[in-house]
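Below is one structure; the comments refer to it alone.
Every number here is computed from the coordinates shown, using simple stated rules; none is lab data. Treat the numbers as computed from the prediction; the structure is a model and nothing was measured. As a convention, Cβ positions derive from the backbone with ideal geometry for all residues, glycine included, and neighbour counts pool all protein chains shown.
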Amino acid sequence: MCGLVAEAGRLSRPKRRAAAHSALTHRGPDHAGEWGAVEDETEVWLAHRRLSIVDTSEAGHQPLHNRQQTLHLVANGEIYNAPTLRTRLQGLGHHFSSHSDSEVILHAYAQWGVACLEQLTGMFAFVLWDSKNQKLFAARDRLGIKPLFYAPRGDGSIALASEASALKFLKGSRKKGYDPAAISHVLAFGYVPDPLSIWNGMRKLGPGQLLTWQPDQPLTIRTWWSPPDATDDRGDDHTWRQRFLDVLDEHLLADVPLSLLLSGGLDSHAVAVGMQRLGQSVEAFSMGFADPAQDESAMAAQSAERLGLPFTRCTLDEENLPTLLDEVTRRMDEPQLYGSFLTMAEISRQVAKRYKVVLSGDGGDELFAGYNWYRNLHEPLNRHAPLKRALARPFAQRLSLPHAMGQKMRTAFNCSSALHRHAWRTTRCFMPEEITALLTPRGIHLSEAQFLAPLQRYHAPNLPLVRNLQRIDLMTFCSNHICAKVDRASMAHALEVRVPFLDHRLVEWAISRPEDPNEQQHAKPLLRADLQGAVPDSLFERRKQGFSLRSAKLHGDDSLFTLEINGGPLIEQGWLRRDWQRFIHGDDPQRHSKLWRLSQLSRWMRHHPEGVAEDERSGEDR
C-alpha cells in the first residue's frame with residue numbers, strides 16, 4: 001500500500017511537484033522515489049511513497065522499470081495472485097529483479113498490453129508510462145478499493161494522484177472553488193460519487209475503469225470490468241467455504257505481520273474463522289464504547305478467546321470528540337458525511353502502532369445482502385409500486401398531516417421507481433427537492449434524474465431485484481463511501497486494510513446467484529450456516545450494528561450542529577440559504593441526520609477552504 005502522483009505533458013515547477021509528493025508521506029513513510037524524463041518533447045514524472053509490505057528490500061522501491069527502460073510504473077495496493085502470475089510470466093521468458101507484487105504489473109503489461117488487467121487479482125491503482133508507444137496508462141481495481149484522482153489540463157497535459165490533497169499542488173489541477181454538482185451530491189448521498197470530485201478541475205477514475213493519455217490525442221476512459229448483469233444457475237452455495245478460503249489465503253500475502261479488525265458482526269467473524277482454518281493466528285482489535293448498547297468489544301473478546309486469538313480493545317476519547325472530529329476531518333481529502341469515518345480513523349491509529357496490515361470484514365453486507373433495506377423489498381408498498389405512486393401522487397402532495405407523517409407518505413408515494421425508493425432507503429436524508437430548497441443559486445439543484453444518475457449507471461434490469469440493488473451498492477455506496485473511508489482513515493496512519501469480501505471472484509459469484517428466499521427471513525444464511533459451532537451462539541442472536549459513533553457528546557445536542565452551520569463556510573461562502581432552518585422542521589424524523597450532514601460538510605469546508613486556484617495565487621503558469 002502506497003501513494004502515487006504523476007504528470008505527463010508539461011510538468012509543474014519542481015516546488016509544486018515536491019509539495020505534491022510530500023503530501024502523500026503519510027501513505028508511505030518507508031521510502032520516497034521519483035523518476036522523470038523528456039521523451040519526444042513530452043515531459044513525464046512519476047513519484048511514489050512506499051509502505052513496504054511485500055519484498056521490503058530496496059529492490060521493491062518504486063518507481064519500477066523494466067530492463068529495457070521502456071516501461072515505468074508507480075502502483076498502490078496489492079496484487080494477491082502475484083506469486084502465481086510471476087511463475088507464469090517467467091515461463092514466458094520474463095526476468096524479474098525483485099519479489100515485489102507490483103513488478104508483475106510491468107511484466108504483465110509487456111506481455112498482454114492493456115489486457116493485463118484481466119490477469120490481475122487484488123486491490124490496486126497504478127500509473128504506467130510506456131516510452132516506446134508514448135502512452136500513459138492508468139487503471140483502478142474492479143471494485144474501486146484503491147483511489148485514483150486525475151486532472152486533465154487546458155494545455156493537453158494530465159496529472160494523477162492517490163489523493164486530491166496531493167493533486168491540488170500541481171499546476172492547473174485545482175480550478176477555483178468546489179464543484180457545485182459535488183456539493184449537491186454529497187448532501188444527497190453523504191459522499192461524492194465518481195467521476196465527480198469535490199474540486200473543480202479534478203475527477204475520480206471509477207471502479208473497474210482505465211485511462212489512456214497520449215500527446216495530442218483525446219483522453220480516453222473506459223470500463224474494463226463490470227459485475228454480472230444476469231444470474232447463473234450453475235453457482236453452488238455448498239462451495240462457499242472453499243471459495244472463500246481460497247480467496248482469503250491469497251489475501252495473506254505479506255512479509256510483515258498481519259492483524260484483524262473484529263467487531264460483533266458475522267463478516268469479521270467469517271474472516272477470523274477463515275484465518276484460523278488456514279492456520280493463521282493473528283491479533284484481533286475491536287473498538288469499545290462507553291455506551292453498552294453500542295459496544296461490541298465484549299462479543300469480539302469472547303470470540304477471540306474461543307478462537308485462541310490475542311485480543312486488544314481500543315477505546316475512543318469521547319470527552320474529546322469535537323477536537324478529534326476536527327483532526328480527522330482535516331485528514332479527509334473529500335467530505336465523508338457518515339460518522340463511521342471517525343471510528344475507523346481512531347481504530348486505525350491504534351492498530352498502526354504495531355502493524356502495517358489489518359484484515360477486515362468490509363463488503364460483507366453488500367456481498368450477502370446484509371443491510372436491512374434488502375429484506376423488506378416485497379412489502380405491500382413495493383408491489384405494483386409505480387402504478388400505486390402515480391395514482392397516489394396528487395393526494396400525497398395535498399396531505400395536511402403533521403410534518404413527519406406527511407413527509408413519510410409523500411416520500412413513499414413520490415418515489416416513482418424501485419431505484420428511487422432504494423436511494424431514499426439507503427441515504428435516509430435529503431431528497432432532491434429538499435436540496436433545491438436549501439441551496440442558493442450557487443449550487444446545482446438536483447432533478448430526480450440527476451439524483452439517480454450515479455445509481456442508474458449500474459442498474460441491471462435482468463437481475464432479480466435484490467441482486468440488482470447489491471450490484472448498485474457495490475459500485476456506488478461501497479466504492480465511494482466504504483472503500484474511500486477505509487482507505488483515507490487507515491492510510492492516514494500508514495495502515496493497509498485488506499478486504500477479502502471485495503475480491504472480484506466472490507462478487508461475481510454473489511451477484512450471479514439466483515435470489516434466495518431465505519435472505520428475506522434471516523441475514524446472511526450462508527455465513528450463519530458456515531460459522532455454526534465455530535463461534536459463540538450468542539453471535540447469531542445479536543441485532544446488526546453499524547460502525548458509526550452515536551455518542552451523546554456529538555449527537556445529544558443539536559445546537560452544536562446549528563452553531564457549526566450558522567458560523568461556517570457553507571453559509572458564509574453562499575452555498576446554503578441563511579434561513580435554512582425553515583426547511584428542516586422539528587418533527588422531521590431525519591432532522592438529526594440532516595443537521596449532522598450539513599454541519600459536517602461545513603466543518604470539512606472549514607478545514608479545506610475554497611480559496612483560489614493554485615495558479616491564480618502564485619501567478620505562475622507552471
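Based on the alpha-carbon gyration tensor of the chain, what equivalent-ellipsoid semi-axes (square roots of 5 times the eigenvalues) come out, in whole Å, largest first?
Rounded to whole Å, the semi-axes are 37, 31, 24.
Once the convex hull of the alpha carbons of region 556-614 is built, what does its volume come to per residue, in cubic angstrom?
80 Å³
To the nearest Å, what is the center-to-center distance of region 167-185 and region 107-132, using C-alpha atoms only?
Taking the Cα centre of region 107-132 as reference, the centre of region 167-185 is 29 Å away.
How large is the helix-only mean residue ellipticity at 222 nm for the chain, computed as the sum of -39500 (n - 2.57) over DSSP H runs with n ≥ 4, divided by its residue count, in deg cm²/dmol to the nearest 500?
Helix-only estimate at 222 nm: -10500 deg cm²/dmol.
Tell me the trypsin sites (Lys or Arg not before Pro) within region 180-276 that lie in a loop according to DSSP and have at most 11 other beta-carbon atoms within 10 Å.
Passing sites in region 180-276 are Arg234.
Anything over 23 Å Cα to Cα? Flag those among Lys135/Lys204; Lys135/Lys485; Lys146/Lys168, in the order listed.
The pairs that break the limit, which is 23 Å between Cα atoms, are Lys135/Lys485.
Give me the distance in nm between label points sitting 7 Å out from Cα along the Cα-to-Cβ direction at Leu92 and His459, one decimal.
So the label points at Leu92 and His459 sit 4.0 nm apart.
What does the charge add up to near Leu262, with Lys and Arg as +1, Asp and Glu as -1, over the other residues with Cβ less than 15 Å from its Cβ?
With Lys, Arg at +1 and Asp, Glu at -1, the neighbours total -2.
Which cross-chain or sequence-distant (5 or more) residues have an amide H under 5 Å from the amide H of Phe96, H modelled 1.01 Å from N in plane?
none
With θ taken as phi - 60° and the coefficients 6.51, -1.76 and 1.60, list the Karplus ³J(HN,Hα) couplings across region 43-60 in order, rounded to whole Hz; mark glycine and proline as x.
Once θ is set to phi - 60°, the couplings for region 43-60 become 8, 9, 9, 10, 9, 8, 10, 10, 10, 6, 10, 10, 6, 7, 6, 5, 4, x Hz.
Could you give me the ³J(HN,Hα) list for region 153-167, computed from phi with Karplus coefficients 6.51, -1.76, 1.60 and θ = phi - 60°, whole Hz, x at Gly and Pro?
For region 153-167, the Karplus curve yields 10, x, 8, x, 8, 8, 10, 9, 6, 5, 9, 4, 5, 8, 4 Hz.
Roughly speaking, what is the centre-to-centre gap between region 189-210 and region 435-455 when only Cα atoms are used, to the nearest Å?
17 Å
Loop only per DSSP, at most 12 neighbouring Cβ atoms within 10 Å: give me the trypsin sites (Lys or Arg not before Pro) in region 274-371, ordered by residue number.
Here the trypsin sites (Lys or Arg not before Pro) that fit, given the DSSP loop and packing criteria, are Lys353, Arg354.
Amide H of Ser259 versus every other amide H placed in the peptide plane: which residues, excluding those fewer than 5 positions away on the same chain, fall under 5 Å?
Placed amide hydrogens put Val357, Val358, Leu359 under 5 Å from Ser259.
Loop-only trypsin sites (Lys or Arg not before Pro) in region 75-155, please: DSSP not H, G, I, E or B, and at most 12 other Cβ atoms within 10 Å.
Passing sites in region 75-155 are Lys132.
With θ set to phi - 60° and the Karplus curve 6.51 cos²θ - 1.76 cosθ + 1.60, what are the ³J(HN,Hα) couplings of region 525-530 in order, to the nearest whole Hz, using x for Gly and Pro?
Computed from phi, the couplings for region 525-530 are x, 5, 5, 4, 5, 6 Hz.
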